[in-house]
Amino acid sequence: MMLAGGAAGMACWSGARRAWPAGGVAPAVGPTEDPTEGPVVLFQGDSVTDGGRNRAITTANTPAALGTGYPLLVASALLRARPGRGYRFFNRGVSGDKVPDLGARWDADTLALRPDVVSVLVGVNDFWHKRLRGYTGTVADFETGLADLLARTRSALPTVRLVVVEPFVLRAGVVKNDWLSEFGERRAAAARAARRAGATFVAMQRAFDELSARQAPEYWAADGVHPTPAGHAVIAERWREGVAL
């Protein structure tokens, strides 16, 4: 898939070649817009978003700070397709987080960045930790908590664009059949919260279910929860199609 603007970029590349000075060093090419003034895009969530990012690095568009998953893939594609927009991408996903954990750090890790786009992918730990760690949060708690995060964001940043990525699991690894009913309820809760907030909802479960019918689920998420490189590519592709920046 070629993002909008890709064809124009290719056309520009095929035009007159830039003359390089003796010594083979490319001349500096300045951005068409101030990169400190472009839109801020923030990814929030749990380990699927975290992607092993270096939390000590807080600057925008830094590969180590974006992690190895879908936020890096989305940022790379859009920075390539829109070099003049000055996009600033940040990843503040934290492995293990549930909705209450996001709520506890929302002011510092979301609102303080004053993002133009906030993308949230959360939900698997709100269910998984019930099974493993004695967490007692219900589907209603999850929906109310997510809705509150979205409402807080809209109140503080009236023009923000909100994106909710559907939580998903694949029938592999730790994910057994007895996960599917309640997790389906949580997916529906995320969709309702997104709809009430006027957020863009990026559906993921059906996409992974269809892909898993053609290739083993483990190919997309080896343990059923954490995407492989191929799985992250699917999320990034669906995000770009759904959000269409």
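Examine segment 156-173 for a residue that is of a type outside the set (V, I, T) and assigned to a helix (DSSP H, G or I), and state whether such a residue exists.
Yes, segment 156-173 contains at least one residue that is of a type outside the set (V, I, T) and assigned to a helix (DSSP H, G or I).
Filter segment 150-174 down to the residues that are touching a helix residue (DSSP H, G or I) at 6+ places or on another chain (Cβ under 9 Å) and of a type in the set (V, I, T) and list them by number.
T153, V160, V163, V164, V165, V169, V174, listed by residue number.
Looking at T138 and the list (1) over 16 Å from W106 (Cβ atoms); (2) among the β-branched types (V, I, T); (3) crowded, with 21+ Cβ neighbours inside 10 Å, which single condition is not satisfied?
Only one criterion in (1) over 16 Å from W106 (Cβ atoms); (2) among the β-branched types (V, I, T); (3) crowded, with 21+ Cβ neighbours inside 10 Å is unmet by T138, namely (3).
Identify all residues within segment 87-143 that are more than 24 Å from T159 (Cβ to Cβ), assigned to a loop (DSSP other than H, G, I, E, B) and not aliphatic (A, V, I, L, M); write none if there are none.
S95, G96, D97, K98, G123, R133, G134, Y135, T136, G137, T138
I'd like the residue in segment 116-149 that is in contact with a helix residue (DSSP H, G or I) (Cβ under 9 Å, 6 or more places away or on another chain) and of a type in the set (D, E) and, out of all such residues, is farthest from L72 (Cα to Cα).
Top of the filtered list is D141.
Does segment 79-102 hold any residues that are out of contact with any helix residue (DSSP H, G or I) (no Cβ under 7 Å at 6 or more places or on another chain) and of a type outside the set (D, E), and which are they?
Within segment 79-102, L79, R80, R82, P83, G84, R85, G86, R88 meet the criteria.
So V174 passes all but one of these: (1) surrounded by 19 or more Cβ atoms within 10 Å (Cβ to Cβ); (2) farther than 21 Å from V117 by Cβ; (3) β-branched (V, I, T). Which condition number does it fail?
Here V174 meets the rest and fails (1).
Would you please name the residue that is surrounded by the most Cβ atoms within 10 Å (Cβ to Cβ), looking only at residues in segment 224-241 that are among the β-branched types (V, I, T) and either within 11 Å of the chain's Cα centre (by Cα) or not in a helix (DSSP H, G or I) (or both)?
In this case the residue turns out to be I235.
Counting only residues that are modelled with pLDDT of 95 or more, buried (at least 17 other Cβ atoms within 10 Å of the Cβ) and more than 23 Å from V243 (Cα to Cα), how many does segment 181-220 have?
Matching residues across segment 181-220 total 2.
The values are calculated or read from the model by the stated rules, or taken from the named source; none is laboratory data. Remember, predicted model here, so these are calculated numbers, not experimental data. Every residue, glycine as well, gets a Cβ built from its backbone with ideal geometry; the counts of neighbours run over all protein chains shown.
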